[in-house]
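One structure is given here, and the rest of the page talks about it.
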Amino acid sequence: MNPGAPAFADLHLHLGRTGDGRPVKVTASGAMDLSRVLETARGIKGLDLVAVVDAAAPGVRRDIDFLVDRGEMAPLAGGGYLTSGGLGFIPAVEVEVGAGSGGSAHLILYLPDRTSLEAVSRWLAVRVANPHLSTQRVRSDPAELAAVAAAEGGFAVVAHLFTPYKGLLGRPGAPSPAALAGDSYLPAVELGLSADSELADRLPELASLSFLSNSDAHSLGTVAREYMALELEELSLHELRLALDGPGGSQGRRIRANYGLDPRLGKYHRTWCQHCARTAGESPPILECPLCGNPEPVVGVLDRVMERSGSAPVRPPAGRPPYVHQVPLADLPGIGPATRRVLLEAFGTEMAVLHRAEEADLAGVVGEDRANLIARARRGELCIRPGGGGHYGRVVKNPCRPA
Ligand SMILES: [Zn+2]
Ligand SMILES: [Zn+2]
């Protein structure tokens, strides 16, 4: 690591299959095996640190052993691994648990090494239906899972906190994640694609927690659609834990900035009525369909947060890092695969294109119109039709008309 430079981290990546072709996460792309995910993260996206959340599957553990045996990856004393290309790799396990009032929540357990992974896998094996697959429903509860992670030298965080079906706060009356924080539970939550820090800070109950922005990538293209710039001394689990310890981190390690989608691009931002096939455009919170009266629409993250917060003003706690919106190249209309290839060849990584390249330099490579589109995306000037009910939001061409 270069002294003073932040480490760019995406801590929620899935694998579609093992190196020998067995399925891992059934909804993830078959192109995603461990080696290719690590190569994409480093070479194409420009990340420094990743966590793969399907690492408990036996085939993935074998893939880790294989990379270590071949000298392509080495364990770090502080937990985690470093690849020969300089990428930090944290093995992790995403699980689903029941979390009060009939709902469920996804948790991610970040773990230090193969031994801890083995122990957690054994513990999970008798509590899930199929230990070969990922994100299985575990017969347990959040506190017990966090204790298991801590006993193995790791820690747990709540994943995509607000997602309607699988996020802890995706339902009315859900318990606060801060209430879970304790000896074994790190004060950190992942916001998910449909929320950003400004939205989450409407809830004072989250003020003691750090906010993770991760991609939850199920395809190579979506790796790093959300990530964090971290201040760490080393790309290890121990350092990561310090950085995520509350909004301002701990011992000088911290999140310097979150980078994520404009929350309107997320697929659960607004309420969606399954009968009318319509995303609400009315002012939030919308808890029933304004057209047909459907009392059980898929309530959007914005709507759920506004329901929970009332009209309380946003009060970010001291140390809360800035949240920078980004629109992935693949989401920009008129920037197709060929243009993306040209941009990557010229500027190295997607991160460099999205955040660092000068507009004039972009124009020299892909022309003024496309360069201007990237620049307007950076400045938050694009027109976005919000997502809802599992449908992603979209950048729409001018003129900008409300949905
Ligand atoms: Zn996931
Ligand atoms: Zn309706």
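Here are some notes:
- Residue list for the stretch 264-288, filter: over 22 Å from G310 (Cβ atoms), within 13 Å of ligand 2 (Cβ to nearest atom) and of a type in the set (A, V, I, L, M, F, W, C): W272, C273, C276, A277
- Residues of the stretch 242-299 classified as surrounded by fewer than 21 Cβ atoms within 10 Å (Cβ to Cβ), hydroxyl-bearing (S, T, Y) and under 26 Å from T222 (Cα atoms), total: 0
Residues checked against (1) at pLDDT 95 or above; (2) more than 16 Å from ligand 2 (Cβ to nearest atom):
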position	(1), (2)
C292	yes, no
V301	no, yes
P316	no, yes
P322	yes, yes
H325	no, yes
R356	no, yes
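- Residue count for the stretch 5-62 under the criterion of being among the acidic types (D, E) and either buried (at least 20 other Cβ atoms within 10 Å of the Cβ) or not assigned by TED's automatic domain parsing to the domain that holds V93 (or both): the result is 4.
- Residues that are farther than 26 Å from G380 by Cβ and in a strand (DSSP E or B) within the stretch 256-285 comprise just one, C273.
- Which numbered condition G221 fails, given (1) small (G, A, S); (2) farther than 24 Å from S309 by Cβ; (3) surrounded by fewer than 18 Cβ atoms within 10 Å (Cβ to Cβ); (4) away from ligand 2 (no atom under 16 Å from the Cβ): (3)
- Residues being buried (at least 18 other Cβ atoms within 10 Å of the Cβ) and in a strand (DSSP E or B) - total across the stretch 63-81: 2
- Identity of the residue in the stretch 351-398, in contact with a Lys or Arg (Cβ under 6 Å, 6 or more places away or on another chain) and in a loop (DSSP other than H, G, I, E, B), that ends up surrounded by the most Cβ atoms within 10 Å (Cβ to Cβ): P386
- When residues of the stretch 192-215 are limited to those that are at pLDDT 95 or above and within 13 Å of ligand 1 (Cβ to nearest atom), the one farthest from K267 (Cα to Cα): L212
- Residues in the stretch 128-141 that are within 22 Å of G16 (Cα to Cα) and not polar (S, T, N, Q): V128, A129, P131, H132, L133, R137, V138.
- Of the criteria (1) among the acidic types (D, E); (2) outside any loop (DSSP other than H, G, I, E, B); (3) modelled with pLDDT under 95, which one D20 fails: (2)
- Residue within the stretch 108-125 that is within 21 Å of G170 (Cα to Cα) and under 20 Å from the mean Cα position of the chain (by Cα) present: yes
- Considering (1) in contact with a helix residue (DSSP H, G or I) (Cβ under 9 Å, 6 or more places away or on another chain); (2) closer than 22 Å to K267 by Cα; (3) hydrophobic (A, V, I, L, M, F, W, C), the lone condition that V366 does not fulfil carries the number (2).
- Residue selection: T40 fails the criterion of being more than 27 Å from E345 (Cβ to Cβ), of a type in the set (V, I, T) and either more than 16 Å from ligand 1 (Cβ to nearest atom) or free of Cβ contacts under 8 Å to residues at least 12 places away in the same chain (or both).
- Complete set of residues in the stretch 125-136 that are part of a loop (DSSP other than H, G, I, E, B) and either more than 16 Å from ligand 1 (Cβ to nearest atom) or in contact with a Leu (Cβ under 8 Å, 6 or more places away or on another chain) (or both): V126, R127, A129, N130, P131, H132, S134, Q136
- Condition broken by P321, with the remaining ones in (1) in contact with a Phe, Trp or Tyr (Cβ under 9 Å, 6 or more places away or on another chain); (2) part of a helix (DSSP H, G or I) satisfied: (2)
The values are calculated or read from the model by the stated rules, or taken from the named source; none is laboratory data. Since we're looking at a predicted model, the values are computed, not measured. All Cβ positions, even for glycine, are placed from backbone atoms using ideal geometry, and neighbour counts span all protein chains on display.
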